[in-house]
1. Quick one: what pairs do we get from region 88-117, first residue without any contact (Cβ under 8 Å) to a residue 40 or more places away in the chain, second among the charged types (D, E, K, R) and exposed (fewer than 15 other Cβ atoms within 10 Å of the Cβ), C-beta under 7 Å, 6+ apart or different chains?
2. Could you say whether any residue in region 49-58 is of a type in the set (G, A, S), in contact (Cβ under 8 Å) with a residue 12 or more places away in the chain and surrounded by fewer than 14 Cβ atoms within 10 Å (Cβ to Cβ)?
3. Identify, from the list N120, N137, the residue that is touching a strand residue (DSSP E or B) at 6+ places or on another chain (Cβ under 8 Å), open to solvent by less than 70 Å² (accessible area, probe 1.4 Å) and touching a residue at least 24 places away in the same chain (Cβ under 8 Å).
4. Scan region 352-359 and give yes if some residue there is at pLDDT below 95, in the same structural domain as I200 (by the TED database) and out of contact with any Lys or Arg (no Cβ under 7 Å at 6 or more places or on another chain), otherwise no.
5. Among the residues of region 76-100, how many are modelled with pLDDT under 95 and outside any strand (DSSP E or B)?
6. Here are A339, A261: which of them is touching an Asp or Glu at 6+ places or on another chain (Cβ under 6 Å) and assigned to a helix (DSSP H, G or I)?
7. Condition first: closer than 18 Å to G172 by Cβ and among the basic types (K, R). Now tell me which residues in region 373-404 satisfy that.
8. When you look at G250, is it assigned by the TED database to the domain that holds T327, among the small types (G, A, S) and modelled with pLDDT under 95, yes or no?
Amino acid sequence: MWCRRLARLLGLPTPRSVPAAVARWHHTAPESLGCAWQLHRDHLELRYANTLMRFDFVWLRDHCRSASCYNTKTNQRSLDTASVDLGIRPQAVRVDESTLFLTWPDGHVTRYGLEWLVRNSYEGQKQQVMHPRILWNAEIYRQAQVPSVDCRSFLETDEGLKEFLQNFLLYGIAFVENVTPTKEDTQTLAERVSLIRETIYGRMWYFTSDFSRGDTAYTKLALDRHTDTTYFQEPCGIQVFHCLKHEGTGGRTLLVDGFYAAEQVLRQAPDQFELLSKVPLKHEYIENVGGCHNHMIGVGPVLNVYPWNNELYLIRYNNYDRAVINTVPHDVVRRWYTAHRTLTTELRRPENELWVKLKPGKALFIDNWRVLHGREAFTGYRQLCGCYLTRDDVLNTARLLGLQA
């Protein structure tokens, strides 16, 4: 007791036992630091850095970073979450200028940096963007004058690779120039950033307009804007295109920023955006050509968002492969069609269309979760190669180079 009185006389912070019922604000000294806290029956309320946060006591015990609870060498939790009493309450709480201290009934002490709590609280995450991006239409992209990266710099230097990945993360597309126009060199390029994702099309695909697969892409016909592999439960994350040869006319590639179009829908008709983000649909691919026999079904909404901050992270849009709509009740179907029409109108605005002529030596990487691609009809002999990349590995490479991804 005398220790507490002495601490009060000296103006020092003292541990406070948890009150049984009455919650009141406590401030750190000096109060200009903007930190205050109060205890409730089952959670701690903390105000710091202009953020009001609420932490359940179970959460605070589960995320302890002490040596016995968390392995800092492997960055893995050691504490068995299922062993934490769901009714746990701290025995004492103290907050100084930078740290929250909690003493639990068994005497274990948990320490949290206040900045760490802001970054990792639900309230803090609601204010954060997981993936910083620059949304674009054709004019915005042209004015940005995003540079292509030279193949040698891309393959041999971290600076070149980092510049490429930064462009890709911000715009959802990126180009590499001076690539030797062969399938083998394109594969070397792709493996610089990621493992190649093997699919029903193999690892490296190589095609002409010979209709060797049951897909419109293997023709000379125009292709409307779409994302690929919507019929996978997890659509492929990144697509690589490299035109090795074209002896003819037409065949330009169409690129549309799906997130830019979705943002316009969100601004004009937020209820329609919400509908497109919640109604699950089936996409289907049935193939019986030659020795290729496949029946793929993927399920998910057109727009996929993180629920805590409504940030869009995936658009699943392919009118060719959308299956029968039998997952939506009749009283929602017409509203869904209206919302889909609104999004389609935005995707088809001429000002949103970026047309690119692919040529030998210029490889294109597309974020298939964001950017829709298409093609105008063409004549003559056209030969392309490419592949799909695993999204996790591309983002992993970016993070290792210090980029937010």
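1. Final answer for the pair search is T99/R111.
2. Step one: list which residues in region 49-58 are of a type in the set (G, A, S), which gives 49.
Applying the additional criterion that residues be in contact (Cβ under 8 Å) with a residue 12 or more places away in the chain yields 49.
Going one step further and asking which of them are surrounded by fewer than 14 Cβ atoms within 10 Å (Cβ to Cβ), we end up with none.
Checking region 49-58: not a single residue is of a type in the set (G, A, S), in contact (Cβ under 8 Å) with a residue 12 or more places away in the chain and surrounded by fewer than 14 Cβ atoms within 10 Å (Cβ to Cβ).
3. Details: N120 fails: touching a strand residue (DSSP E or B) at 6+ places or on another chain (Cβ under 8 Å).
Step by step, each of N120, N137 is checked, and only N137 is touching a strand residue (DSSP E or B) at 6+ places or on another chain (Cβ under 8 Å), open to solvent by less than 70 Å² (accessible area, probe 1.4 Å) and touching a residue at least 24 places away in the same chain (Cβ under 8 Å).
4. The answer is yes, given that some residue of region 352-359 is at pLDDT below 95, in the same structural domain as I200 (by the TED database) and out of contact with any Lys or Arg (no Cβ under 7 Å at 6 or more places or on another chain).
5. 3
6. Values: A339 fails: touching an Asp or Glu at 6+ places or on another chain (Cβ under 6 Å).
Within the list A339, A261, the selection yields A261.
7. Selection gives R375, R391, R399.
8. Details: assigned by the TED database to the domain that holds T327: yes; among the small types (G, A, S): yes; modelled with pLDDT under 95: yes.
The answer is yes for G250.
The values are calculated or read from the model by the stated rules, or taken from the named source; none is laboratory data. None of these values were measured; they are calculated from a predicted model. Neighbour counts are summed over all protein chains in view; Cβ atoms, including those assigned to glycine, are modelled from backbone coordinates with ideal geometry. Calculation scope for accessible area: heavy atoms of the full protein, side chains included, ligands and nucleic acids excluded. Shrake-Rupley method; radii C 1.70, N 1.55, O 1.52, S 1.80 Å.
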